[in-house]
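Just below is one structure, and these are the notes that go with it.
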Amino acid sequence: HWMSASPIIMPLAITPLYIFPAWLVARQKPPLHQGGILLTTLRDVMEKFSASLIAALSGLVLYLALRKIASANLSLLVTLIYGLASSTWSISSQGLWRHGFTQLCFAGLLWGLFQDERSPARPWWCGLALAGAAANNPALTVVVLPFLVYFALRGRREFARFFLPLAVLG
C-alpha cells in the first residue's frame, strides 16, 4: 500500500519546478477550485513546461556528449535530428510521459561514457544516468547489467563509483 504503481523518480525530479506555482495557488483568495479553469490551465501549462524542459535538457546533454567525440557542426546536426525528427519534440515535450525522462537519462549516459576514461567522475555519471533510467522504467534494469560487468572489470574503485548512484536510487 505504500508503493506507488508508477515510478516516482520523474515527479521527484520536477518537484522544484512546481514550488513557486504551488506557493501562488496556496495564497489565492478565494481559493482556486479543483476543475476550475484557472487551476486546470495552470496544471496544463506546468505539465507542458516541465515536459518541454526535460526534452530540451535531453537535447542539450546529447549535444554536450557529442561534442566530446565530434565537431560542433556535426554535433548540432545530430542533436537537431534527435530533437526535431524523432519523437522527442513531437511527443516527449508535450506531456510528462516516462520516455521523456528516460531519453534525458540515456543522453546523460552518453555524456558520461564520452568523458575521459581516466576521469574519476565518469563511472559516477554513468551510474547516475542508468539509475535514473531504471528507476523511471524498471524494465530498463536489463540495460544496467552490461555496464555492471564493464565497470566491475575496470576495477573496484570504478565499480564503486558506478554502483553508488544505483544503490542510492535503488
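None of the figures in this text is laboratory data; all of them are computed from the coordinates on show. A quick note: this is a predicted structure, and the numbers were derived from the prediction, not measured. Note that we place each Cβ from the backbone using ideal geometry, even for glycine, and neighbour counts take in every protein chain shown.
Looking for something outside any helix (DSSP H, G or I) and either hydroxyl-bearing (Ser, Thr, Tyr) or more than 30 Å from GLU47 (Cβ to Cβ) (or both) - is there at least one such residue anywhere in segment 151-167? Yes, segment 151-167 contains at least one residue that is outside any helix (DSSP H, G or I) and either hydroxyl-bearing (Ser, Thr, Tyr) or more than 30 Å from GLU47 (Cβ to Cβ) (or both).
Is it the case, given these coordinates, that SER92 is closer than 24 Å to LEU140 by Cα and in contact with a His (Cβ under 8 Å, 6 or more places away or on another chain)? Criteria met by SER92.
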